[in-house]
Amino acid sequence: MAISELELARIDALLSALGGAAQPDPLAIALQRLVPGLALRRCDASDVLEEPFRSAGACDLHLLDTADHCLLVTDQPERAGGLLLAARASQPEVAA
């Protein structure tokens, strides 16, 4: 089952509201509540070679094609049945 345009709009609105404050754990919980039944997987951003579908704060979101036995990152929303939440390491602030 593909992610609907309405669900994508909800996800975009959530990411926009969180902006740079997005963190992996709270974002994962919010996504599960916002889009129940959505396949959601997590990993470290260094494990993913593809460009993210969306990014906010310390998080990259990739679309997942869940139609077959193996999950695949896709750039086609019509094929996406889930999301991969890739956590980026936070950058330490540099003192001026």
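Values as computed for the structure displayed
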item: Scope segment 5-49; condition out of contact with any helix residue (DSSP H, G or I) (no Cβ under 7 Å at 6 or more places or on another chain), charged (D, E, K, R) and more than 14 Å from residue 88 (Cβ to Cβ); matching residues; result: 5, 7, 12, 33, 41
item: Residue check for residue 14: surrounded by 15 or more Cβ atoms within 10 Å (Cβ to Cβ), touching a strand residue (DSSP E or B) at 6+ places or on another chain (Cβ under 6 Å) and at pLDDT 95 or above; result: no
item: Selection count where residues are exposed (fewer than 14 other Cβ atoms within 10 Å of the Cβ) and not aliphatic (A, V, I, L, M), scope segment 44-58; result: 4
item: Every pair of residues 6+ apart whose Cβ atoms lie under 8 Å, when the first sits in segment 23-40 and is within 16 Å of residue 60 (Cα to Cα) while the second is modelled with pLDDT of 95 or more and basic (Lys, Arg); result: 24/42; 28/42
item: Some residue of segment 22-34 being touching an Asp or Glu at 6+ places or on another chain (Cβ under 8 Å) and of a type outside the set (A, V, I, L, M, F, W, C); result: no
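A quick yes/no check of all residues on (1) charged (D, E, K, R); (2) within 21 Å of residue 5 (Cα to Cα); (3) surrounded by 14 or more Cβ atoms within 10 Å (Cβ to Cβ); (4) under 12 Å from the mean Cα position of the chain (by Cα):
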site	(1), (2), (3), (4)
18	no, yes, yes, no
23	no, no, yes, yes
29	no, yes, no, yes
36	no, yes, no, no
39	no, yes, yes, yes
64	no, yes, yes, yes
70	no, no, no, no
76	no, yes, no, no
80	no, yes, yes, yes
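The values are calculated or read from the model by the stated rules, or taken from the named source; none is laboratory data. Fair warning: this is a prediction, and the values are worked out from it, not measured in the lab. Note: ideal-geometry Cβ built from the backbone for every residue, glycine included; neighbour counts use all protein chains shown.
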